[in-house]
Structure formats: C-alpha cells, structure tokens
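Colleague: Here it is, the structure, as structure tokens.
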Amino acid sequence: MQALKNLLSPLSGNSNPIQDTLKLVVIGGTVETARRASVSAWNGFIDSFFLTAHFSQEDYPYDWLMHWLSKAGQPAWGRSREFDITTRSVSRHGITQKTTGDLEDENEDDEEESGEFHQGGGRRRKVAIVPSMDTTHTIYYRGHWLRITRTKRYEDYGSCAELKISVVARNNDILKRLVLEAKREYEKDAEHRVHIFMADTTYGCWRWNGARQKRPMSSIVLEPGVKDMILADCKDFLASEDWYAERGIPFRRGYLLHGVPGSGKTSLIHSLAGELGLDIYVVSLSSKGMSDNTLTTLMGNVPSRCILLLEDLDAAFTRGISRDETSTGAPTTTSSSSSSSSSAKNKDDNDGSTLSLSGLLNSLDGVAAAEGRLLFATTNHIERLDPALSRPGRMDVWVNFKHATKWQAEGIFKCFFPARPSNPVATSAAPPSAASADAKHPADATSSANLAESKRKHAIPENELSVAALQGYLLRNKTRPRECVDEVAAWVVSEREMREKLKKEKEEREAKEKKEAEEKAKKEKEEAEAKEREEKAAKEKTEKKESRVKGKRSALREAAKAPAASAPTENDTPTPSESTSATEGSSSAKESATSAESTSASESENTSGADADTEESVTSEEEPDKAEKALEPSEPAPDASAAGKEKWVSVKPQQSSADAPATA
Ligand SMILES: Nc1ncnc2c1ncn2[C@@H]1O[C@H](COP(=O)(O)OP(=O)(O)OP(=O)(O)O)[C@@H](O)[C@H]1O
C-alpha cells in the first residue's frame, strides 16, 4: 500500500515529467498484465471444469440436438434471450424448406399453443426456435447450465455449421444424457416419416429433401410373396454384418427393380425404407454436372445404414454411352431408335455430365463405397443395361414388375374399399353410403358383393393395365364403389381406346419426324451435290480457259517466230500494201472482237437465273480473251504472207488500238 502511495504520490505533486510518464507506463502495464492473467486464469478454470462437446452438421447428433432445441415448448430453451425463429425445419444441412407433412401437429385444437398456424388455406407450418449463429446461449438442463454456441465453418465446398455445448460437470454423463434424449425425441418424431436426401452434383454432397410419411407395406400390391421376400432379404442383410466380415465379403446388397412404368417400384422402396427405419439417398445419374468424381464422393458420403436409390438407371446409362463411348465400355445395347429420343439425347449431351460406366461401377463397389447400404436401382428397360452393371455382387436380387394381374387389381380395390367384417352388411367393401344402401336389402348384400367381386375380376384384363392406371381410376371413384365396379368395363374400353389413340399419335409423330428428317437429309445432299457440280464446272471452265489461252499464246508465238525466221531473205520495210493489210487486219480484228463481244452479250442475255450471273462473271473475266477469240475467224492460212500479217495481229490485241498504227 505504501509502495502504491509512493508510486502515485509524485503524480499529484511537482516532479519530473519524464519520471511521471515512466510511472504511468508501469501502472498501465501492470493493470493490463493483471487483466490478461485473470482472463487466462478464468479460461483455465473454465477448461478445467467445463466439458465441451462439438457436433458437426455432417453427422446425425447435430440433427438430433437441433431438433431437440427447435422443439416448440422446450422449457429450458424458452428462457433464452436470443434465438432465431423459423418456419423451416432443421436438417443436417442447415435450415431447409420443409415439405408438407413435416413436423406437423396432428392436434389442430392446440394450434395456437403449439405455435402452428394455417397458411395458404390448409397447409400448417410450425414455428421453430433455434439457436442463432455465433451467439452463446445458456440453458438449464437437468440441474446443469449448458452453454450452447452454433457457429459456421467455411470449407472448400460450401459451409458447414457446428454446435458446441459446454457444461460444468465432473464427467460427461450429462452430455451423454442430453444426446440420448435428443436422439429419442428425434426418432420419436421421425417414427412415421422417411427422410429423403438428394444428391447435389454441384458440391458433391447430400441435401435433405424432406420427410415423407411412411407408406405401409400393405398398401403395395404385388404378386404373393414378392414383398415378403424382399423385406426378409433386407432384414437378413442388415443383421448379417459380422457374417459378411468373417467371410471378407463387402457388406453391400443390391436390388434391381425393373419393369413397366407405374408398377410400384419406387413405392415399394419408400415403403421398405419406412419398414426398416432407413433414410433414402436418391441419385439421378442423368442429372446435370454428374461426373465420375462427384459420384464417387457422393457414394463415399452415404451413411452406413441407408437405402441408396439410383433412379432410371437405363436413362443415365444410355446417355453415358453416347457421351463417352470409350470409357463406358460400349455396352451391348443402344438407345431408342426413334429420332425424337435420339435428338433429345443429343440435346442433353452438352449438359456437362461426364459420367462413364466404369466411373459408375467404381463408385458402386470401389474402396470409397459405403458399407452396409442397401442399393436399389430402378429401370424400365433392363435390356439396355450393361451386364457388368447388373451382375450379382452389384445387383443381387432382381424383381420384375409387370402390368396389373387380376389378383393385383383385386388387391388394390380392397386397399381403397376395405371390407368391414364387424358389419356383415358392408362386406361388399362399400363406403358408408353404399353400405347403408345395402342395409335396406340385407339378404342381397352378400350376393351383390360377390357379384361385384366377380364383375370386377372379369372386367380387368390380365397384364394389360398398370397399377398406377388402376389407382387413378379408383381415386376418381373413391366415394362411389358401386359405380366404380359397374363402370369398370367401360373404363377399360376407354383406356384401350386412349392407349390406341396415343399409340397412333406417337406413331404419326414419329413418322412425321422421320419424314422431315429424311427430307432434310435429302435436301442437304442435293445442295451439296449441286455445289460440288458447280465447283467442278467452274474448275473445268478455268482449266479450259487456261489451256486455250496457253494454246493460243504458243500458236501466236510460233506464228511470230516464222516471219522472223524468213525476215533476212525479204525486205525489212513492209510495203504500203502490206501496211494497209496490217491495218486492215487490225481493224478486222477489232470488228471481230466487237462482234464476239456482242455475241457473248446476247448469250448472257439469253441465260437465266444463277447461270446468267455465273456467265456474266465468267464473261467479264474473259474480257481480255475476247479480242483473241475474235481473232480466230480472221486467222489466215498459215502461208508466209499471212504469217507476215499475223505478226501485226499478234501484237495488236496486247496493246491499245491507238498504238496499232504507231507499232505498224
Ligand atoms: N403395385 C402397386 N401397389 C400399390 N400401388 C401402386 C403399385 N404400382 C403402382 N402403384 C401406384 O402408382 C403410382 C406410381 O407408382 P410408382 O412410382 O411406384 O411406379 P414405378 O414403377 O416406380 O414407375 P416408374 O417406373 O415410372 O418410376 C403410385 O402412386 C403408387 O401408389
């Protein structure tokens, strides 16, 4: 104390300013050091007493905890003074737009209390409270204060959130309890839902796409034993991890569901996911930007227990062939022969996808491929698949889906109009209205039900209509079972007619497209041939012209040489008559040239269209030759005197007519 007094006292009195400054520096330094020491001591204290757990957005516990935290009415969370309020549900990949049916409360009466409200007439949304970003929230949980911080981590590809929970405790029991409770809550909530994740080809990651209501297996109508066989196989696989490990067999199983559209392939997978409590990870191999690397990354990020769904395997596969034939290994089948489909295919070829068959195979069973996943692939065209893709090991179980049999038609009818055994009147599987109508004639009820049953059975043709089409018909008549049965024969006829009509339209469209394509090809061929002919003619003309000019020049040269050779024996000076002749010759040449020109012009006039144009240009090119051409008729016989004349003539066309007399 005395020392502090001594230290401070001179500041008040008159003393040396340098000393005062130094003292101030010392005081400031001491205070700052003390502050830092206390902060570090506090951090040390926190570290030694607080337990801290980190939860990455990429893993399930993050989902559980966010779900737990976001639950409206969470008492501990309710006391927090800063939070985000959202109507979007919480998922592994952040706050995502929720889909219908997700996090909905069945109890509409408690709407206000639970924070739900109707939006857009019918769809209910739930207000969720979640921890805001980069803020530490303190909540009280089972006798402990939890410090919760949600932060965002930036990585190479996008961002990833993290949850940090700290608690003062001797051991991590409280954190374990918290995570387990959150998990239980999450699973309880997800009990009736199947979570769907879609592949994001841009970032090579999975995006939560929503949670769908589970579909009961009983609602899928397949031939007897099929559903049970698949379900039992899946269950057996999921329970056999050790068995696979002991034998060194990769712990994966593949199911290939192939067959006609609308026969229940996708529905069965959704139903199985619900039954087995698995999430579905959907990859569309034909999606934009899909490449070998992206697919491998995606496959590597699939969790161990899930359903991996490759939809429309053939579509991506056929496109793969056209895009990258060498690397796909050129499978045995090709795409549809129809011009429309091929043109559509060509259009798609430039979508930036570089997926190859080998890339797909590697991603399915390469080292990066996840263990314990159930692979389901669907296709409408099994014949287009490469044998390498569908071989056992990759696709272990094949199931063929056909058009509805009579048995299936009956089954789906019963799904829509289930019989009520407690009420004998209603054994006809009729809805209340029809049942009450029957109640007026109880004696007839059974017989009429049987009649309806047999009517229905006989009206639906075997293996002709898809189950989806049947379902559509039943949906349209869901409140009138009796009429539904009565009108089924008419509906089948109308379906056939509709199918015929569509088929005819398709054939006509294809024929038209084919014809157009053929005409186009023919026109292009003709144009190419015409162009080729033109080029050939032009070339021939040029060659002809060149050879003619050449011949002419050599003839003239030779003609010019002849008098030169005889010159020493004759008079060097031409006689007046010779000179006149030469002049005459020159004027005659001029005349001939003029007549040749006019002939050429009249010829051009007689020529029509493009030929005329061509002729014109050729004529103008030939202009210098006209004079030479014009000389042809005046070409004298090759005697000596004529040669003498030709001497002048030969010079003249090369020069202007004005020069002729001078030269002469
Ligand atoms: N066997 C079936 N049992 C019950 N419902 C079915 C069955 N087949 C089809 N459906 C109904 O038809 C609709 C279409 O079925 P789904 O999408 O499962 O057919 P798909 O075979 O996957 O067709 P695609 O090959 O075109 O994808 C669904 O709404 C489904 O309820």
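The values are calculated or read from the model by the stated rules, or taken from the named source; none is laboratory data. Since the structure is predicted, the reported quantities are computational estimates derived from the model, not experimental observations. Here Cβ is always computed from backbone atoms with ideal geometry, including for glycine, and neighbour counts include all displayed protein chains.
Colleague: Please identify the pairs in which a residue from segment 241-270 that is at positive phi and touching a residue at least 12 places away in the same chain (Cβ under 8 Å) has its Cβ atom under 7 Å from the Cβ atom of a residue that is within 16 Å of the ligand (Cβ to nearest atom) and of a type in the set (Ser, Thr, Tyr), counting only partners at least 6 apart or on another chain.
Modeller: Gly262/Ser466
Colleague: May I pose another question? Could you check, for segment 460-475, whether at least one of its residues is modelled with pLDDT under 90 and not in a loop (DSSP other than H, G, I, E, B)?
Modeller: no
Colleague: Filter segment 245-276 for residues that are within 19 Å of Arg193 (Cα to Cα), of a type in the set (A, V, I, L, M) and in contact with a helix residue (DSSP H, G or I) (Cβ under 9 Å, 6 or more places away or on another chain); which is nearest to the ligand (Cβ to nearest atom)?
Modeller: Among residues in segment 245-276 that are within 19 Å of Arg193 (Cα to Cα), of a type in the set (A, V, I, L, M) and in contact with a helix residue (DSSP H, G or I) (Cβ under 9 Å, 6 or more places away or on another chain), the one nearest to the ligand (Cβ to nearest atom) is Leu268.
Colleague: Sticking with this structure for a sec: What are the pairs, 6+ residues apart or on separate chains, where a residue within segment 354-370 that is within 17 Å of Pro303 (Cβ to Cβ) has its Cβ under 7 Å from a residue that is at pLDDT below 75 and assigned to a loop (DSSP other than H, G, I, E, B)?
Modeller: Ser363/Ala369
Colleague: With (1) part of a helix (DSSP H, G or I); (2) at pLDDT below 85 as the list, and Ser38 as the residue in question, which single condition is left unmet?
Modeller: The one condition Ser38 does not meet is (2).
Colleague: So, in segment 389-413, exactly how many residues are in a helix (DSSP H, G or I) and farther than 18 Å from Arg252 by Cα? First the steps, then the outcome.
Modeller: Initially, segment 389-413 is screened for residues in a helix (DSSP H, G or I), giving 389-390, 406-413.
Imposing the further condition that a residue be farther than 18 Å from Arg252 by Cα reduces the set to 406-413.
Number of matching residues: 8.
Colleague: Could you give me the residue pairs with C-beta distances under 6 Å whose first residue belongs to segment 377-391 and is more than 20 Å from Leu268 (Cβ to Cβ), whose second residue is aliphatic (A, V, I, L, M) and within 14 Å of the ligand (Cβ to nearest atom) wherever it lies, and which are 6+ apart or on separate chains?
Modeller: As it stands, the answer is none, since no pair meets every condition given.
Colleague: Pairs only if they're at least six apart or on different chains, beta carbon under 6 angstrom, first in segment 395-420 and farther than 14 Å from Leu475 by Cα, second among the aromatic types (Phe, Trp, Tyr); list them, first residue then second.
Modeller: Sorted first by the residue in segment 395-420, then by its partner, the pairs are Val397/Tyr255.
Colleague: Looking only at segment 171-191, which residues are in a loop (DSSP other than H, G, I, E, B) and modelled with pLDDT under 80?
Modeller: Glu191 - this is the single residue of segment 171-191 that is in a loop (DSSP other than H, G, I, E, B) and modelled with pLDDT under 80.
Colleague: While we're looking at this one, here's another question. Only one of Asp279, Asp233, Asp242 is away from the ligand (no atom under 15 Å from the Cβ) and touching a His at 6+ places or on another chain (Cβ under 6 Å); which? So that I can check it myself, show each step before the final result.
Modeller: On the way: Asp233 fails: touching a His at 6+ places or on another chain (Cβ under 6 Å); Asp242 fails: touching a His at 6+ places or on another chain (Cβ under 6 Å).
Answer to the check: Asp279.
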